[in-house]
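The values are calculated or read from the model by the stated rules, or taken from the named source; none is laboratory data. The model shown is predicted, which means the values in this text are computed figures rather than measured ones. All Cβ positions, even for glycine, are placed from backbone atoms using ideal geometry, and neighbour counts span all protein chains on display.
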Amino acid sequence: MAKLVHSQAGKVFGEYPLQEGALRIGRGLGNDICLEDLTVSACHALIEVVPSAYMEDVNDVFIIDQKSTNGTIVNGKHIKRHLLKHGEVVAIGQHDFCLIDEETRGLEQTMIYIPDDE
Amino acid sequence: MTGGMRLDIVGLTDTGLVRDHNEDSIGWDCGRNLAVLADGMGGHSAGDVASRMAVEGILQEFQLPPSNTRNDDLGTTAQLIDHINNDIHRFAQDTLGNERMGTTLAMIFLNDDQVTICHVGDSRVYRLRDGVIELMTEDHSLVRQLIEQGTIAKEDAENSRYKNVITRALGVRMGCEAEINQFSAQIGDVYLLCSDGLSDKVSDEAMQAALDDDGRDWALVARTLVDQANQVGGEDNISVVLAVVTAAI
C-alpha cells in the first residue's frame, strides 16, 4: 500500500498509509495530519487517493492545495492539484511528505493500456 | 532502384545497465532500403519473442512497392503490420494463455524519393535535416492522450507516473492500426529509429549534436548515443538504428 513519509529537516516524524479516500493536512485540530507550524494554513492541503482510471489495482494519489496562504510545493513549484508519483516530495510549511508507492514502481516498465475505442 | 537514392543503415541494441536481458530487436536490409526496430514487453521473455517476431516478420515479408507507387504502398504496408500483429497475438494466446505480450514498432523504407515511416507505440523516428533534428512520430502513449484531454500539463509529462504506458502495441489483440506517413527524401537526411531507452534519456539537442558530428562514422554515432543513455542510468534496453539517405552509385 502507498504511504506518505512525514519528515522535517531530514528527520522522519511518521508514516501515513494511504487508503482510498481523502487525508486533510493543516494546522487546525480537525485535520487528519495536524501540523503545529505557523506557516501552515488551518486547512492547507488535501491528499486524495482514487483508483486509477487506466490501470487495474493502481491508485492515483493527488495533492490538492486548499488555497493555503503559503502554498503547497512539489518539485520546487507551487501546485494547485498534482498527481504524485513514487518518490516525489510535497513541501508544506517546514514539513516534507514523501510518497512511497511500490505499486507505481511497476509503471517504470512499459505497460499497455488499450482504450476500448482505439 | 530508388530514383538515385539509397539508405546506408547501421544499428546497435544494448541491454542497458539494469535489466538482465534485452527485449528490443532491430534489423535492416540495405537491398530493400528498409530499417526496423521493436521494443517488446511481457514477462518470462515474452517481450523478446514479440519484438523478434515483429522485426523478423517485417524483414521476411516486406516487399518494396513498385517504383513511383505513392499512396498504394501505404495500404499494403498497413496490411502487413496488421498481419504480423495477429501472428504475435495468436502466438501469445497459444503459448502464454492470459499473459500479455506485445511490442512497439518503428520502421522506415525508402522508395524512389519518398521515405515512409510506420510506427506503433512509443518507439520513435527522428530526422536530421540541414543540421536540425525533428521528431517525425507522435507517441501512442497515455501521457500524450492525457495532455490532449487537458488532464495533465505538457511540462508535467516527463514526470508523470503514466510516462511508460502506451496505448497501441502489436500483439495485444487482433487488429492493430499502424500510423504511416510519407515524406520527401533528401540526400543527407539522417533517420534515427530508437526505443524509449534512448529517447527517455538523451535530449533532442544531444541527439542532434551526435548526429551532426563532422566525423560521420555512423556506427560510432550509434555507439555514442547508446553510451550517453547508459551514462545517465541505462535503466531500460537501448536501441538505435540510423538510416542515412545517400546518392545511389
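Within segment B:41-66, residues that are within 14 Å of another protein chain (Cβ to nearest Cβ) and in contact (Cβ under 8 Å) with a residue 12 or more places away in the chain reach partners that are among the small types (Gly, Ala, Ser) and in a loop (DSSP other than H, G, I, E, B) with beta carbons closer than 7 Å, at six or more positions or on different chains, in the pairs B:Ala50/B:Gly42; B:Ala50/B:Gly171.
Applying the selection to segment B:125-168, what residues are hydrophobic (A, V, I, L, M, F, W, C) and within 14 Å of chain A (Cβ to nearest Cβ)?
Result: B:Leu142, B:Val143, B:Leu146, B:Ile147, B:Ile152, B:Ala153, B:Ala157, B:Val165, B:Ile166.
Name the single residue that is nearest to the other protein chains (Cβ to nearest Cβ) among those in segment A:87-97 being crowded, with 18+ Cβ neighbours inside 10 Å and in contact (Cβ under 8 Å) with a residue 24 or more places away in the chain.
Filtering first and then ranking leaves A:Val90.
Considering only residues that are of a type in the set (Gly, Ala, Ser) and in a strand (DSSP E or B), look in segment A:15-32 and name the one that is farthest from A:Lys85 (Cα to Cα).
A:Gly26
Tallying residues that are farther than 30 Å from B:Gly188 by Cα and among the small types (Gly, Ala, Ser) within segment B:107-159 yields 4. Here A:Asn31, A:Asn59 are screened, and the one residue that is more than 10 Å from every other protein chain (Cβ to nearest Cβ), in contact with a strand residue (DSSP E or B) (Cβ under 6 Å, 6 or more places away or on another chain) and at pLDDT below 95 is A:Asn59.
For every residue, the table says whether it meets (1) surrounded by fewer than 18 Cβ atoms within 10 Å (Cβ to Cβ); (2) over 19 Å from B:Thr151 (Cα atoms); (3) not small (Gly, Ala, Ser).
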site	(1), (2), (3)
A:Met1	yes, yes, yes
A:Gln8	yes, yes, yes
A:Glu15	yes, yes, yes
A:Gly21	yes, yes, no
A:Asp37	yes, yes, yes
A:Ala53	yes, no, no
A:Ile64	yes, no, yes
A:Val74	no, no, yes
A:Leu83	no, no, yes
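Among the residues of segment B:90-115, write down those that are buried (at least 22 other Cβ atoms within 10 Å of the Cβ) and within 30 Å of B:Ala248 (Cβ to Cβ).
Listed by number, the residues that qualify are B:Leu105, B:Ala106, B:Met107, B:Ile108, B:Phe109, B:Leu110, B:Asn111, B:Val115.
Among the residues of segment B:206-244, those identified as touching a residue at least 60 places away in the same chain (Cβ under 8 Å) and among the charged types (D, E, K, R) are B:Asp212, B:Arg223, B:Glu235, B:Asp236.
Is it true that B:Val143 is farther than 30 Å from A:Ala2 by Cβ, buried (at least 20 other Cβ atoms within 10 Å of the Cβ) and among the β-branched types (Val, Ile, Thr)?
No: the conditions fail for B:Val143.
Residues in segment B:145-192 that are on the phi > 0 side of the Ramachandran plot and in contact (Cβ under 8 Å) with a residue 60 or more places away in the chain: B:Gly171, B:Gly175.
Taking helices (runs of 4 or more DSSP H) that do not extend beyond segment B:186-249, which have at least 1 residues that are surrounded by 17 or more Cβ atoms within 10 Å (Cβ to Cβ) and within 14 Å of chain A (Cβ to nearest Cβ)? Helices (runs of 4 or more DSSP H) meeting the threshold: B:196-199. Taking the condition touching a Cys at 6+ places or on another chain (Cβ under 9 Å) and touching a residue at least 40 places away in the same chain (Cβ under 8 Å), does B:Leu37 pass? So B:Leu37 passes the test.
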